[in-house]
Amino acid sequence: METDPALFHAFLNRFREIPDTDFDLIGQFMQFRSIKAGDTLLEQGRTAKELFFVASGILKIVSISEKGNEVIQFFVKDNKFCTILYSFMGEVASQEGIVAATDGVVFVFSKQRLNSLYQQLPYFKDLVETITQQALMDKIKIRNNLMGEEATTRYLKFIAQQPHIIQQVPLSDVASYLGITQQSLSRIRRNISLLSTKQRP
């Protein structure tokens, strides 16, 4: 699994140039964690106390329905920050959980360590908040783009917008994210495959 901090440094440099000395300091405040598919990083109902950077793999933001079923709200791919932002910032119980959708590696900042880092690098606080807020807006925009569409259209939009996700996560996760049953998803995929075959010269 990829654990090279240089990738994280390159990611941050997209938003603001981070001197090597500052990044060395940042590295002293973060930890590496290997994760397996199905690992829970944050339980629903608990307060988010960690900020994750996905070095490799995919995380999923989940909630539990009234029937006790896991409902996937968002996927978070590699090279992205992940937490439940309102819980992390406001120190309130989270209505969602964070679960590993695939094996991977995350870099972890505890809130306590992050606050200590902010005291030494004040600009890093604004940088992290800007990145995480934008990431949240992007996820909501993608999600809203699927709302109101019939199932086949939702699926086609999903594979167009997030092809890297469908190649790595189980189809049951894709079905949950799209709000359909796995049987319906299998039927949609089969129909699309048949239509594609018929259209070939």
Here the residues within region 32-71 that are within 22 Å of S116 (Cβ to Cβ), in a strand (DSSP E or B) and of a type in the set (D, E, K, R) are R33, E50
Selection over region 114-128 where residues are surrounded by 13 or more Cβ atoms within 10 Å (Cβ to Cβ) and over 13 Å from F29 (Cα atoms) yields a count of 3
Taking first residues from region 72-89 that are more than 23 Å from S172 (Cβ to Cβ) and in a loop (DSSP other than H, G, I, E, B) and second residues anywhere that are at pLDDT 95 or above and of a type outside the set (V, I, T), the pairs with Cβ under 6 Å that are 6 or more apart or on different chains are T83/A48; T83/L51
Those residues of region 128-166 which are at pLDDT below 90, polar (S, T, N, Q) and either touching a strand residue (DSSP E or B) at 6+ places or on another chain (Cβ under 7 Å) or within 22 Å of A100 (Cβ to Cβ) (or both) amount to Q161, Q162
Of the residues in region 153-167 that are crowded, with 19+ Cβ neighbours inside 10 Å and within 17 Å of the chain's Cα centre (by Cα), the one that is farthest from R143 (Cα to Cα) is I165
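How about region 130-159: which of its residues are more than 19 Å from R190 (Cβ to Cβ) and without any contact (Cβ under 8 Å) to a residue 12 or more places away in the chain?
Initial filter on region 130-159 (more than 19 Å from R190 (Cβ to Cβ)): 130-149.
Q134, M137, D138, I140, K141, N144, M147, G148, E149 - these are the residues of region 130-159 that are more than 19 Å from R190 (Cβ to Cβ) and without any contact (Cβ under 8 Å) to a residue 12 or more places away in the chain.
Select from region 90-103 the residues that are assigned to a strand (DSSP E or B) and either modelled with pLDDT under 95 or surrounded by fewer than 18 Cβ atoms within 10 Å (Cβ to Cβ) (or both) and list them in ascending order.
Pass one, region 90-103, residues assigned to a strand (DSSP E or B): 93, 97-100.
Residue satisfying the conditions is A93 alone.
The values are calculated or read from the model by the stated rules, or taken from the named source; none is laboratory data. Since we're looking at a predicted model, the values are computed, not measured. Methodologically, a virtual Cβ is constructed for each residue, glycine included, from the backbone with ideal geometry; neighbour enumeration extends over all protein chains shown.
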